[in-house]
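Visitor: Dropping the structure in here first, questions after.
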Amino acid sequence: MFYSTLFYLVFISQIVLISFYFPRKLVKLASQRAATNGTHDIDKKLMGYTRVNHLIVVLGLGLLGAFIFFDMAESVTAVLASIGVYFLLQLSPLAIPAVRQLMADLKASRPQNGEHQELPHESGNLFDYVSPLQIGIALGLSLIWLVIKLPEWNGEMNTQLLNIGIFAGGHLFVAVLVARNLRMLKHGGAGQNGGNKGIEDPRLAIPLLIYVSIGLSIYSLVKQFLLDLDLHQIRPIMMSFTLLLLATLAFDRLIRDLWQRPVSLAADTPRQS
């Protein structure tokens with residue numbers, strides 16, 4: 001009962017913060033910042049974003065009711081899948097044209113002071129941007145998880161192989177992104193107007209990616225620890241909290257951008273009814 005109650009509280013926080021508090025704060029702040037450019041109808045342009053988020057809140061409360069009505073301990077896997085699908089649904093309003101235009105405005109209005117417009121040719125040495133200790137922690141944690149999981153695999157196509165594949169694939173994806181950013185730094189020209197369509201400064205992206213790798217390993221190790229102790233009820237709590245933390249970091253970045261830069265949504269943006 002304790003774990004169920006704690007999960008309900010964490011999931012309510014996920015619903016309210018991601019689909020109500022952060023979107024409302026974003027729209028309010030965008031309206032204030034746009035006013036500095038003489039644009040006063042941004043609330044109308046973002047009306048569709050607000051309404052979709054309200055609908056997602058209602059759906060989330062309905063899902064919470066289903067968790068309460070049905071004993072979530074009966075099928076932890078179904079609960080985890082539901083949390084993941086709902087989280088993706090919570091992020092879907094960011095694809096609304098007005099929101100995409102808002103983020104494009106933010107990117108276009110980044111300071112043009114030349115600091116990151118054109119990256120100099122650098123060594124491309126990984127240890128110039130992260131410490132050997134950080135790399136050691138990332139590699140060590142991933143190896144610990146593999147040492148624990150690989151002996152359990154019986155050589156068949158099963159869930160164990162799927163988990164190993166997801167874990168290895170996640171770290172491989174991070175490694176590819178790190179290599180890509182190192183290549184940009186080595187060859188230069190990947191700044192404000194360059195070819196980097198992701199994070200605007202690879203020198204900031206590389207440490208962040210290493211932290212993502214460490215976080216993935218820690219999450220997997222904690223999950224394995226809970227499974228070994230047969231504490232399945234804690235897994236939904238951990239997953240919901242982790243997704244909430246990721247969304248908080250993402251919205252925090254977007255909101256800080258809004259604080260620092262005026263926006264106008266000046267381009268023709270389809271109105272949301």
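The numbers here are math on the coordinates, done by the rules we state, and not lab data. These numbers were taken from a predicted model, which means no experiment stands behind them. Every residue, glycine among them, receives a Cβ derived from its backbone with ideal geometry; neighbour counts consider all protein chains shown.
Visitor: What's the FRET efficiency of F225 with T77 using the Cβ-Cβ distance as r and R₀ = 22 Å, to the nearest 0.05? Show your work: numbers first, answer last.
Guide: On the way: r = 18 Å, r/R0 = 0.82.
Efficiency at R0 = 22 Å is approximately 0.75.
Visitor: Okay, next question. What is the Cα coordinate range of the range 131-176 on the first, second and third principal axes, sorted by size from largest, in whole angstrom?
Guide: 39, 21, 10
Visitor: Given a Förster radius of 25 Å and the C-beta distance between S13 and D128 as r, what FRET efficiency does 1/(1 + (r/R0)^6) yield to the nearest 0.05? Don't jump to the answer; show the numbers that get you there.
Guide: Values: r = 39 Å, r/R0 = 1.56.
The value I calculate is 0.05.
Visitor: Okay, moving on. Based only on other Cβ atoms within 10 Å, what is the fewest-to-most ordering of V147, V10? Display every interim value, and only then the final one.
Guide: Working: V147 9, V10 18.
Ranking V147, V10 by Cβ neighbours within 10 Å, fewest first, gives V147, V10.
Visitor: Using 7 Å Cα-to-Cβ label points, what is the I144/I218 separation (nm, one decimal)?
Guide: 1.1 nm
Visitor: Let me ask something additional. From the alpha carbon gyration tensor of the range 204-243, can you work out the equivalent ellipsoid semi-axes (sqrt of 5 times each eigenvalue) and give them in Å, largest to smallest? Could you put the intermediate results ahead of the total?
Guide: Details: eigenvalues 122, 25, 3 Å².
Rounded to whole Å, the semi-axes are 25, 11, 4.
Visitor: To make sure I understand, if each residue's beta carbon is the centre and we count other beta carbons within 10 Å, what order do D228, D128 fall in, fewest to most?
Guide: Working: D228 9, D128 12.
Fewest-to-most Cβ neighbours within 10 Å comes out as D228, D128.
Visitor: Something else: When a footprinting reagent is the concern and you count Cβ atoms within 10 Å, what order do M184, M238 take, fewest first?
Guide: Working: M184 23, M238 17.
Exposure proxy ranking, most exposed first: M238, M184.
Visitor: For F241 paired with I164, estimate the spin-label separation in nm (one decimal), with each label point 7 Å from Cα along the Cα-to-Cβ line.
Guide: Placing both labels 7 Å beyond Cα along the Cβ direction yields 3.0 nm.
Visitor: Can I ask one more? What distance in nm separates the simple spin-label points at W153 and F173, each placed 7 Å from Cα in the Cβ direction?
Guide: 1.8 nm
Visitor: Roughly speaking, what is the stretch gain from R203 to H54, that is 0.36 nm per residue apart minus the C-alpha to C-alpha distance, in nm to one decimal? If you can, show how the numbers build up before the last one.
Guide: Values: separation 149, 0.36 × 149 = 53.64 nm, distance 3.77 nm.
Full extension from R203 to H54 adds 49.9 nm.
Visitor: Output ³J(HN,Hα) for the range 133-141: one whole-Hz value per residue in order, computed from phi by the Karplus curve 6.51 cos²θ - 1.76 cosθ + 1.60 with θ = phi - 60°, and x for Gly and Pro.
Guide: For the range 133-141, the Karplus curve yields 5, 4, 5, x, 5, 4, 5, x, 5 Hz.
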